[in-house]
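Scroll down for the structure; my scribbles are underneath it.
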Amino acid sequence: MATVVTLDNVEHHDLKVSADRGAVFGDNINQALVFPNEFRDAQREYPILFRKDKDGAFQSVVLLGFDRDENLFLKGKVWDARYMPAVQARGPFMIGVHRSTEGEEADVKVHVDLDNPAVNKESGYALFLPHGGQSPYLNHIINVLRTLHDGLSISKTFFGLMEEFDLIEPLTLEVKIDDTRQYTVPQVYSISEEKFRGLSHEALGRLHETGMLAYCYWVLGSLDNIRPLVDRKIRA
């Protein structure tokens, strides 16, 4: 069960959020959703792949492990990477969109799940300063939530152009760990390097003007992170 409420600086002045990571906080996953506005940071650590959601629409994910529920970036209670995907970094927080009577977005507020195991009153990051005001941690969370909020529209633009220019192709991802262990990551896609190199000047101009061109380079470059991920698996 979840008890989701609007965060209030009076009612929740003494709330804290644990800094720990782990399975109890939902981190035992081998893939995590990311948005294109995260690609610049994510490509330094993870392979970025594409998948289809339940409705058949493309979305981007980062590969964290090979076995079910395996996150090779978890080291005890620490996420061992320079960047954590925003969907995980947000922890017990989410965006609450309040709409006007006409149905338009009128206000966006931070909501918190009081039943999340990270939420307590004893230890962790404080949300509010002792004498009022938001803590640095809460400011960080607000930026994370803004990344998610903005990422939805950016993702729609990005994948719209990827499909318009027919750049997405299935990716055969077979990974050999040793003589007895080999993994095939199913139903994933990436950008076709051949088609990307063959884009017309007009198409490249469209991608550049919309800010999507750099995202393509980051996706392609991120595949070099498969080898370091295999190394993590061997060490584990």
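Computed quantities for the displayed model
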| quantity | calculated |
| --- | --- |
| Among Val4, Gly22, Leu49 the positive-end extreme of the charge dipole of region 1-67 (Cβ point charges) | Leu49 |
| Amide H contacts of Val188 (H built 1.01 Å from N, under 5 Å, at least 5 apart or other chain) | Leu171 |
| Computed E for Thr180/Leu114 - FRET, C-beta separation, R0 45 angstrom, nearest 0.05 | 0.45 |
| Cα-based shape type of region 78-180, given that a ≥ b ≥ c are square roots of the gyration tensor eigenvalues and the cut on a/c is 1.5 | oblate |
| Residue with peak Gaussian network fluctuation, the chain [Cα springs, cutoff 10 Å], from Gly132, Gly151, Gly205 | Gly132 |
| Helical contribution to [θ] at 222 nm, DSSP H n ≥ 4, -39,500 (n - 2.57), averaged over the chain, rounded to 500 | -9000 deg cm²/dmol |
| Mean Cα-pair separation over length for the chain, i.e. relative contact order, pairs under 8 Å, 6 or more apart, % | 27 |
| Simple Cβ-charge dipole of region 1-147, Lys/Arg +1 and Asp/Glu -1, about Cα centre, in debye nearest 20 | 440 |
| Segment Gln187-Met94, length gained on full extension (0.36 nm per residue, minus Cα span) | 30.6 nm |
| Cα-based shape type of the chain, given that a ≥ b ≥ c are square roots of the gyration tensor eigenvalues and the cut on a/c is 1.5 | oblate |
| Within a Gaussian network of the chain (alpha carbon springs, distance under 10 Å), most fluctuating of Leu15, Leu148, Leu64 | Leu15 |
| Value of relative contact order over region 1-141, rounded to a whole percent, pairs C-alpha under 8 Å and six or more apart | 36 |
| Apportionment of accessible area to carbon and sulfur, the chain, percent (1.4 Å) | 48 |
| Accessible-area value, Asp115, 1.4 Å probe, nucleic acids and ligands omitted, Å² | 80 |
| Region 1-156: Lys pairs at Cα distance under 25 angstrom, eight or more positions apart or on different chains | 9 |
| For region 170-186, Karplus couplings with θ = phi - 60° (6.51, -1.76, 1.60), whole Hz, Gly/Pro x | x, 10, 8, 10, 10, 10, 9, 8, 7, 5, 10, 10, 9, 10, 10, 8, x |
| Rounded if a/c under 1.5, otherwise prolate or oblate - region 8-120, Cα gyration tensor axes | oblate |
| Gain on full stretching of the segment that runs from Lys121 to Asp67 - 0.36 nm per residue minus C-alpha separation | 15.9 nm |
| Alpha-carbon centroid distance for the pair region 72-93 / region 173-213, whole angstrom | 25 |
| Cut-off under 5 Å, modelled amide H: who pairs with Ile48 long-range | Ser222, Leu223 |
| Total charge dipole magnitude, region 67-214, about the Cα centre, Cβ charges on Lys, Arg, Asp, Glu only, Debye to nearest 20 | 600 |
| Relative contact order %, region 28-103, counting alpha carbon pairs below 8 Å whose residues are six or more apart | 35 |
| Under-5 Å amide H pairs with Lys75, H placed in peptide plane, nonlocal only | Asp80 |
| Region 159-227 - charge dipole about Cα centre, Lys and Arg +1 at Cβ, Asp and Glu -1, debye rounded to 20 | 180 |
| Within the chain, longest stretch clear of exposed trypsin sites (Lys or Arg not before Pro) (DSSP loop, no more than 15 other Cβ within 10 Å) | 122-180 |
| Neighbourhood charge, 11 Å Cβ-Cβ cut-off, centred on Phe165 and excluding it, Lys, Arg +1 and Asp, Glu -1 | -2 |
| Under Karplus coefficients 6.51, -1.76 and 1.60, residue-wise ³J(HN,Hα) of region 133-150 in Hz, glycine/proline x | x, 7, 6, x, 5, 5, 4, 4, 4, 4, 5, 4, 5, 5, 4, 5, 4, 5 |
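The values are calculated or read from the model by the stated rules, or taken from the named source; none is laboratory data. Note that the coordinates shown come from a computational prediction; the quantities given were computed from them, not determined experimentally. Counting neighbours? That spans all protein chains shown, and the Cβs are built from the backbone with ideal geometry, glycine included. All accessible areas refer to the heavy atoms of the entire protein, side chains included, with ligands and DNA or RNA removed. Shrake-Rupley method; radii C 1.70, N 1.55, O 1.52, S 1.80 Å.
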